[in-house]
Amino acid sequence: MQSQDTTPGLVAEFSMQLRILLALTAVASASTKLFEYNGSGDLTAPLEEQFRYLDSLYDEDTGKRIPQARNGVMCRTAEGLVVGCSPSQSTFSPSIPGAQFVLGARPLFPVQPGSLAIEVASSVHIYGVENHPFGDKVKDPHTDTRLACSTIAVIASGRMFFSFTFTNEMIYASVLKGSTKSAPSALQYLIPLIATKAGVMHKVKFIFNDDLKRIDWLVDEQSLFSWQQDTVIDKKYLIEQIGEDAVLKFPTNEVVVATGIFTFWNDFLPLEGEPKEHTAVLDPATPEPNFCLSEQAQNAAKSIFKDWSPEVILTIKNITVTREY
């Protein structure tokens with residue numbers, strides 16, 4: 001009796017199992033592209049179709065829209081969307097602390113279901129920070145976010161801000177719970193992620209995992225920080241705290257994807273009733289609230305900043321937002 005060659009049958013069965021496995025994998029890792037901006041694409045396409053100035057943010061306390069700062073000039077280039085900004089003490093945003101220029105993707109993105117992934121390739125070069133007027137209050141002007149910085153941010157309801165923050169030589173993760181009239185407590189954390197150099201292009205990515213209520217920060221495909229709801233961030237990264245009741249919350253509805261240029265010069269100015277030499281510098285070791293400035297402090301600001309302003313050049317190569325299941 002001759003034995004029957006079963007090889008073709010085994011091959012066919014294995015091939016079928018492999019196709020089933022690949023199909024299941026494809027379903028498990030399905031993703032939908034929600035938004036894409038290619039900065040080096042069609043230079044004639046109107047930006048208004050994809051972006052908007054964040055000049056109509058809704059104030060939960062007053063029920064009104066609040067104008068935002070537009071202290072910047074945009075242009076389309078072969079390298080990407082370029083924003084140039086010379087920060088000014090007089091153009092601070094009344095709604096977003098420190099904002100000089102804020103641009104948001106036009107659609108809103110629901111966090112649910114699954115995971116929301118936001119990836120941005122960008123670079124920043126900040127000129128003139130080494131010429132700041134604050135003396136030894138600044139240890140390293142090229143890593144100090146208070147002088148000038150750029151951000152890639154996700155803005156959620158309840159004044160929650162999750163950001164990548166860029167200086168010339170450092171990229172940070174930032175988590176901020178802003179204050180409102182009805183909930184005046186606030187918290188802000190600033191976590192160093194990776195050293196960089198001015199003008200170097202990096203690919204940064206948020207992953208908002210709704211199932212785990214967790215947010216991951218990735219730089220150039222490397223996961224460097226994560227935060228999960230109901231967990232506490234190390235206090236060594238706390239740079240500001242007002243009150244005791246601020247709570248960090250994972251977003252539960254739609255979010256705004258934004259990019260902007262910020263300064264926090266008020267941190268260097270005198271507090272109300274104090275001499276000019278006494279400044280309110282936020283120290284990560286002993287966080288202090290950012291008090292309202294007196295008329296004396298405003299006058300001091302005009303004197304300090306009239307002969308100095310950095311120049312921030314932000315280049316955005318592309319932005320991609322996807323839903324992952």
From VAL219, VAL200, residue being hydrophobic (A, V, I, L, M, F, W, C), farther than 25 Å from PHE268 by Cα, in contact (Cβ under 8 Å) with a residue 12 or more places away in the chain and out of contact with any Leu (no Cβ under 9 Å at 6 or more places or on another chain): VAL200
Failed condition for GLU119, given (1) in contact with a strand residue (DSSP E or B) (Cβ under 6 Å, 6 or more places away or on another chain); (2) closer than 26 Å to ASN266 by Cβ, with all others met? (2)
With the condition kept exactly as written, say whether any residue in segment 141-153 is surrounded by fewer than 16 Cβ atoms within 10 Å (Cβ to Cβ) and part of a strand (DSSP E or B). no
Could you check how many residues of segment 92-124 are at pLDDT below 90 and among the hydroxyl-bearing types (Ser, Thr, Tyr)? 2
Could you please tell me which pairs satisfy a Cβ distance under 6 Å, a separation of 6+ or placement on different chains, a first residue in segment 226-253 that is closer than 17 Å to THR180 by Cβ and in a loop (DSSP other than H, G, I, E, B), and a second residue that is charged (D, E, K, R) and modelled with pLDDT of 85 or more? ALA246/LYS177; LEU248/LYS177
Give the residue, chosen from GLU240, GLU254, GLU244, that is within 21 Å of ILE155 (Cβ to Cβ), surrounded by fewer than 19 Cβ atoms within 10 Å (Cβ to Cβ) and at pLDDT below 95. GLU254
Among the residues of segment 201-220 satisfying the criterion of being outside any strand (DSSP E or B) and touching a Lys or Arg at 6+ places or on another chain (Cβ under 7 Å), which is nearest to ILE126 (Cα to Cα)? MET201
Return the residue satisfying two criteria in turn: it lies in segment 156-190 and is under 20 Å from VAL83 (Cα atoms) and out of contact with any Leu (no Cβ under 6 Å at 6 or more places or on another chain), and of such residues it is surrounded by the fewest Cβ atoms within 10 Å (Cβ to Cβ). GLU169
Just checking, does segment 101-119 include any residue being assigned to a loop (DSSP other than H, G, I, E, B), in contact (Cβ under 8 Å) with a residue 24 or more places away in the chain and within 14 Å of the chain's Cα centre (by Cα)? no
How many of the residues making up segment 191-219 are surrounded by 15 or more Cβ atoms within 10 Å (Cβ to Cβ) and at positive phi? 1
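The values are calculated or read from the model by the stated rules, or taken from the named source; none is laboratory data. None of these values were measured; they are calculated from a predicted model. So basically every Cβ, Gly included, is an ideal-geometry build from the backbone, and we count neighbours across all protein chains shown.
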